[in-house]
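See structure below.
Every number in this text was worked out from the coordinates using simple rules, so none of it is lab data. From a predicted model like this one, the values you see are computed outputs, not experimental measurements. Here the Cβ positions follow ideal geometry from the backbone for every residue, glycine too, while neighbour counts run over all protein chains shown.
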Amino acid sequence: MKNGFHVYDADTHVSPSAEVLERYLDASFRPRLAELAPYRHDTGDGRHSYSFGRKFYRRVLGEAVPRETFTGRESAWRGGKLPRPGVQDADAANRVRDMDDEGTDVHFLIPGSFMSFVGLEDPALEVAMARAYHRHMADFCGQFPSRLKSLIVASARVPEEAVREIREWGNSNWAVAVKPLIPADIPPDHPDLEPIWRAAEEYDLPIAHHSSTWNPPYYPAYRDVWDNIFLGRLASHPWGAMRFVASFIGGGIMDRHPSLRMGVLECGFGWLPFWARRMDEQAVYVGGTAPLKVKPSEYLTSGRFFCSIERQEGEDMFNTVTQYLGDGVLMYASDYPHSECQFPHSIENILAWSSVKPPTRQKLFWENASRFFKRT
């Protein structure tokens, strides 16, 4: 709690090491570990991480050719101090100490690089890693069950495996959402994914979208930013979210599953009014959607759509979006422990938005996330 407000952080990250994930792999999968050796990378701290297809954006705008020494990942740390060790890996106690320092009641945890295995030809590899992650989260979050929550990774390439994971973990205390892991060639509205949406609705689990910049499935048009991270990062998350929202709503998924909730995380939020109006117009002008019961924008204001904020978009943008969509959509998020967060002052920076009244502030910090994520 901070200044009398409960705080639910809707966008934080974990990236368990290869050593941790390997402890939780199915025994039947262990003979295949040697196949993963090319994707096991030294992190420089005695541990390793699993990832595939890491893309660098080496060209600086205004220069003719890429710089081999420029990685595109030279972002500066924006917080007042660094998080404690192990908070992304296996040290749940250190993570909760950081939460107490900042005044956060609940962290929603989003996994990292192992999901890039969606870019490998064999989907059994991504499924094995997701299953290991779920077991790890059961132990990690289980140490502080009221403070730490995460998601079920649902493979869109193997929907039956996704459904199995939802049924295995859907009643657990730690699993409060489903993240569909969708490769570039499968649209979210594809009929083959219906079993995932049906199972998520059955277990009262919302669908959470979070784009990817560096690894598969990347983001839409990642090849069309002229090898530049400024253009790529500028466009990646918003466009990924815009496309997902339009496909999900336009495909009629929210009509077929009337209690299913959907939200987007770490994708900005200032685009929402524009996108709502544009979806309404294009649905009438060019069509191409499933038959919808209401205008696309009305799904955004239905109480079943949610979006996390980003501090840099500011108080005035928050007020504008709230004016258009109401105060039941936007959720507080910090991006902890990534460099974009301002730990340990992330909450204080939002509390400084003096024009936001206490009832709206409490919805932003707590109530909207509590309605979005599964209540356990």
Q | Distance from region 187-246 to region 335-353 (C-alpha centre basis), Å | A | 24
Q | If the convex hull is drawn through the Cα atoms of region 90-191, its volume per residue in Å³ | A | 109
(Q) In Å, what Kirkwood hydrodynamic radius results for region 264-329 from the alpha-carbon pair distances? (A) 12.6
Q.
Percent of Cα-Cα pairs more than 13 Å apart in region 166-206, please.
A. 53
(Q) Can you sort I110, I249 from fewest to most other Cβ atoms within 10 Å of each residue's own Cβ? (A) I110, I249
Q: Consider all pairwise Cα distances in region 294-376 and report the whole-number % of them above 18 Å.
A: 43
Q.
Counting only other residues whose beta carbon sits under 13 Å from that of A235, what net charge do I get with K and R as +1, D and E as -1?
A. +2
Q. How much net charge surrounds H48 when only the other residues with a Cβ under 9 Å from the Cβ of H48 are counted, with Lys and Arg +1 and Asp and Glu -1?
A. 0
Q. Are there any helices in the chain, counted as whole DSSP H runs, that stretch 24 Å or more along their axis by Cα and score at least 0.0 on average by Kyte-Doolittle, and if so which?
A. 123-142, 229-250
Q. Remind me, what semi-axes does region 333-376 give for its equivalent ellipsoid, largest first in whole Å, using sqrt of 5 times each Cα gyration tensor eigenvalue?
A. 20, 17, 6
Q) Percent relative contact order of the chain, based on C-alpha pairs within less than 8 angstrom and at least six residues apart? A) 21
Q | the chain: C-alpha gyration tensor shape, a/c 1.5 cut-off, then a/b vs b/c | A | rounded
**Q.** Stokes-Einstein D in µm²/s, Kirkwood radius over Cα pairs - region 238-358 at 10 °C with 1.306 mPa s viscosity
**A.** 104
Q: With runs of 4+ DSSP H residues as the only contributors, calculate the mean residue ellipticity of the chain at 222 nm using -39,500 (n - 2.57) per run, divided by the residue total and rounded to the nearest 500.
A: -10000 deg cm²/dmol
Q | Value in Å of the Kirkwood radius, where region 136-181 supplies the Cα pairs that are averaged | A | 10.8
Q) So what is the relative contact order of region 296-376, in percent, for Cα pairs below 8 Å that sit 6 or more residues apart? A) 34
Q: Take the alpha-carbon centre of region 1-50, take the same for region 65-82, and report the distance between them in whole Å.
A: 22
Q. log₁₀ I(q)/I(0) of region 114-166 at q = 0.21, 0.25 Å⁻¹, via Debye over equal Cα point scatterers, no solvent, to two decimals?
A. -0.73, -0.92
Q.
Per 0.36 nm of contour for each residue apart, how much would the distance between H190 and D45 grow if the chain were fully extended, relative to their Cα-Cα spacing?
A. 48.0 nm
Q | Reachable lysines, given that their alpha-carbon falls under 27 Å from the alpha-carbon of K179 and they are not under 8 places away in the same chain | A | K55, K149, K293, K295, K363, K374
Q) What is the projected area of the convex hull of the Cα atoms of region 113-246, averaged over all directions, in nm²? A) 8.4
Q: Mind running the shape call on region 291-331? Use the C-alpha gyration tensor, a ≥ b ≥ c as the square roots of the eigenvalues: rounded below 1.5 for a/c, prolate if a/b tops b/c, oblate otherwise.
A: prolate
(Q) Rounded, prolate or oblate, given the Cα gyration tensor of region 4-146, with a/c below 1.5 counting as rounded? (A) oblate
Q.
If I stretch the segment between R371 and A34 completely, what's the gain in nm (0.36 nm per residue apart, minus their alpha carbon distance), one decimal?
A. 117.0 nm
